[in-house]
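Have a look at the structure below, then the notes.
Computed from the coordinates by the stated procedures, all read-outs in this text should not be read as laboratory data. The structure presented is a predicted model; accordingly, all values stated were derived computationally and were not measured. So basically every Cβ, Gly included, is an ideal-geometry build from the backbone, and we count neighbours across all protein chains shown.
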Amino acid sequence: MTEFNRLLIAASRQGETEVLKELIDRGSDLNFQDEKGYTPLIIASYNEQPDCVELLLKNGSNIDLADHGGNTALMGASFKGYLSIVKLLIEHGAEIDLQHGNGGTALMFAVMFGRNEIAEYLLMHGADSELTDHRGQTALMIAEVQGNSTAIELIKKRIEGLNK
């Protein structure tokens, strides 16, 4: 890993937008992936750095580039519960229904970890609640296993709305 790449990852993690701007001005590869496949955008999203996320997106970061496990920035923000980051990513065109290595989606992460505000936002923006993971489970099934009654209600309302 070059020094520029180390700096990209560190600045994205710590919210150092001025350092990021300088690295962007120097032509750094914003889609660089570290040994785990993390990009500066994934790191900024996972560490709730909205200014860095915005800056990276405006300067050409691949919004849907996944780490080596198939996890995207949107999946990370959904897992962590960072609604502001989820909104930024969706507003910039993140693919809502991408599936990681085990078939999980951002919606599945949100319902699994009780991030119901995010689940609602994803559903309102077209997340497919019928997708299945490698075990054949949908987001609704995951919500049921977790005892997440709010997510169960949200998903059932979405399904009913689609069937009208």
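Below are the figures for this structure:
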{"quantity": "Unsatisfied cross-links (Cα-Cα over 25 Å) in the set Lys58/Lys80; Lys58/Lys157; Lys36/Lys156; Lys87/Lys157; Lys36/Lys80", "calculated": "Lys58/Lys157; Lys36/Lys156"}
{"quantity": "Ratio of the Cα radius of gyration of the chain to 2.2 N^0.38 Å, where N counts its residues", "calculated": "1.08"}
{"quantity": "Enclosed volume per residue, in Å³, of the convex hull spanned by Cα atoms of the range 44-96", "calculated": "68"}
{"quantity": "15 Å beta-carbon shell around Arg6, net charge (K/R +1, D/E -1)", "calculated": "-3"}
{"quantity": "Helix-only mean residue ellipticity at 222 nm for the chain, each DSSP H run of n ≥ 4 adding -39500 (n - 2.57), per residue, nearest 500", "calculated": "-16000 deg cm²/dmol"}
{"quantity": "Degrees, to the nearest 10: 149-162 long Cα axis against longest axis of the chain", "calculated": "80"}
{"quantity": "Chain lengthening between Lys157 and Arg135 when straightened (0.36 nm per residue, less Cα-Cα)", "calculated": "5.5 nm"}
{"quantity": "Amide proton proximity set for Gly101, modelled H, under 5 Å, gap of 5+", "calculated": "Gly70, Asn71"}
{"quantity": "Low-density loop positions, GluC sites (Glu not before Pro), the range 52-104 - DSSP coil, at most 15 other Cβ in 10 Å", "calculated": "Glu95"}
{"quantity": "Residues Ala10 and Asp128, FRET efficiency given R0 of 35 Å [Cβ-Cβ distance, rounded to 0.05]", "calculated": "0.45"}
{"quantity": "Convex hull volume per residue for the range 96-164, taking Cα atoms only, in Å³", "calculated": "70"}
{"quantity": "For the range 1-95, Kirkwood radius (reciprocal of mean inverse C-alpha pair distance, Å)", "calculated": "12.7"}
